[in-house]
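As structure tokens, the structure follows; a few thoughts come after it.
The values are calculated or read from the model by the stated rules, or taken from the named source; none is laboratory data. The structure presented is a predicted model; accordingly, all values stated were derived computationally and were not measured. Glycine gets a Cβ as well: all are built from the backbone with ideal geometry, and neighbour counts include every protein chain shown. Quick note on the areas: whole protein, heavy atoms, side chains included, nothing else; ligands and nucleic acids left out. Shrake-Rupley method; radii C 1.70, N 1.55, O 1.52, S 1.80 Å.
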Amino acid sequence: MNKLTMALISFASREYSERERLDAAREFYAAVANVELAVPHGQPPEIEARIRLLPGVSIASVECSPLIAQRELTNLADGNDDLSFLLNPSGQGGWTSSQPRLGEATCRAGEGCLGFNELPGQVAFHGSRARFLSIGFSRQLLSPLLNQDMRPAVNKVLRCEPLGHLAQLALALTTGREPQAEQDPVALTEQMTDLAVLCLGATPEADRRARGRGLREARLRAIKADMFALAGRGDLTLTDVAKRHGVSPGYLRALFRHEHTTFTDYLLTLRLQLAWRRLTDPRFAQRAVSEIAFASGFNNLSWFYRAFKQQFDTTPTEARAEAGADASAMRVSV
């Protein structure tokens, strides 16, 4: 993998003294985003930013105190003509985007709008801690896939399923802790591009490809994350999960079939992994194996023991004993 295309750049104002924070933030944003920063009454800014760079896509996740980020005429000399999605990932704080002649937009949680980097404009942040997510796409990459001119839509507030998936993937990539950060950067660019064109209006061919690739993968990623969180519920069913995500049971079955597995098998694996973690965790040492099995989503103890043995080639009791012995050996060695 080319690490340059997956670069993660971080900045935190808390690493500087209050007197140095504004200058440090200005230097960072001047170098990375080529924008000017201003703060009310010269107050030291509180900023935490993480930027992920992919081929043709740049993602910036920012939390900050009140400030104004402005792209002025002098900044336009960099030739950057990216089309950017400006998103509000939560209701914490707020911000307003504006560009001359194109309008102003204020987005609530889960909403976004467009920004054009070849034009001057600004984003004004307010509230004690505003959250902001910017996803910039190369115009050369995106324009051939769209069926309309995006400039009239710059003051239109966007809210749709593909936008939600786009935001979640972007946030996962900027934490630096998610498995997505280890994926092929070209494949990640394709996924994000698919979701972007579905938000904006794709050509018929691009629409078919995006729905069969990027949107499908985004839905499956969200469903798997939901199942991971709910695996301990013994009454969780395919119909429940399909309803939670607004898809049909048949579509959900097809998603897992495309992954060469089934909903039932994937859920069983999640539950077995949950049981293993608890059985080998000293914090659960006083809990009976049966209690852990039921809390991990199993309603039948015989089935739990058989499935556990088949998955891990050991019994729950043996797994717990081995983990305890390993922990004791580590304490002795220390």
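Run the reach check for LYS309 against aspartates and glutamates, Cα to Cα strictly under 17 Å, same-chain hits fewer than 8 apart removed. What comes back?
The qualifying aspartates and glutamates are ASP265, GLU318, GLU322.
If you build the Cα gyration tensor of region 233-283 and take the root of 5 times each eigenvalue, what three semi-axes come out, in whole angstrom, biggest first?
26, 13, 7
From the helices alone, meaning DSSP H stretches of at least four residues, give me the mean residue ellipticity at 222 nm for the chain, per-run term -39500 (n - 2.57), in deg cm²/dmol to the nearest 500.
Mean residue ellipticity at 222 nm (helix-derived): -13500 deg cm²/dmol.
Between ARG129 and ARG19, what FRET efficiency comes out of the Förster formula 1/(1 + (r/R0)^6) with R0 = 30 Å and r the beta carbon distance, rounded to 0.05?
0.90
Of LEU166, GLY127, PHE137, which is farthest towards the positive pole of region 71-175's charge dipole, taken about the Cα centre with +1 and -1 on the beta-carbons of Lys, Arg and Asp, Glu respectively?
GLY127
Please give the charge dipole size of region 38-180, origin at the Cα centre, charges +1 on K and R Cβ atoms and -1 on D and E Cβ atoms. Round to the nearest 20 debye.
220
Put +1 on the Cβ of every Lys and Arg and -1 on every Asp and Glu Cβ in the chain; which of ALA229, THR315, SER17 then has its Cα farthest towards the positive end of the dipole?
THR315
Please name whichever of ASN147, ASN117, ALA33 sits farthest to the positive end of the charge dipole of the chain, dipole taken about the Cα centre and charges placed at Cβ: Lys and Arg +1, Asp and Glu -1.
ASN147
Whole number please: convex hull volume per residue, Cα atoms of region 1-126, in Å³.
118
Report the calculated FRET efficiency for THR106 and LEU230 (r = Cβ-Cβ distance, R0 = 41 Å), to the nearest 0.05.
0.75
Each label point is 7 Å from the Cα along the Cα-to-Cβ direction; what then is the distance between the points at GLN273 and ASP184, in nm?
Here the modelled spin labels are 2.2 nm apart.
How would you rank 260-273, 134-147, highest first, on the average number of other Cβ atoms within 10 Å across their residues?
134-147, 260-273
So, with +1 on the Cβ of K and R and -1 on the Cβ of D and E, and no other charges, what is the size of the charge dipole of region 219-333 about its Cα centre, to the nearest 20 debye?
Approximately 340 debye in magnitude.
Among the trypsin sites (Lys or Arg not before Pro) in region 28-108, which ones are in a DSSP loop with at most 13 other Cβ atoms within 10 Å of the Cβ? Mind listing them?
Here the sparse-neighbourhood loop sites are ARG101, ARG108.
Taking the Cα centre of the chain as the origin, how large is its charge dipole in debye, to the nearest 20, when only Lys and Arg (+1) and Asp and Glu (-1) carry charge on their Cβ atoms?
It works out to roughly 1060 debye.
State the percentage of accessible surface on the chain attributable to carbon and sulfur atoms; use a 1.4 Å probe and exclude ligands, DNA and RNA.
The nonpolar share, carbon plus sulfur, comes to 51 percent.
Name the GluC sites (Glu not before Pro) in region 45-75 that are in a loop by DSSP and that have at most 14 other C-beta atoms within 10 Å, would you?
Hits after loop and neighbour filter: GLU72.
For the chain, what is the Kirkwood hydrodynamic radius in Å, using each pair of distinct C-alpha atoms?
Hydrodynamic radius (Kirkwood, Cα only) of the chain equals 22.7 Å.
Give a residue-ordered list of calculated ³J(HN,Hα) values for region 50-55 (Karplus: 6.51 cos²θ - 1.76 cosθ + 1.60, θ = phi - 60°; whole Hz; x for Gly, Pro).
9, 10, 10, 10, 10, x
For region 185-313, rounded, prolate or oblate, judged on the Cα gyration tensor with a ≥ b ≥ c (square roots of eigenvalues), a/c < 1.5 rounded, else prolate if a/b > b/c?
Prolate, because a/c is 1.5 or more and a/b exceeds b/c.
Add +1 for every Lys or Arg and -1 for every Asp or Glu among the other residues with Cβ under 15 Å from the Cβ of GLY232, and state the total.
0
Hey, can you find the accessible area per residue of the chain for me, probe 1.4 Å, expressed in square angstrom?
With the other protein chains kept in place, the chain gives 52 Å² per residue.
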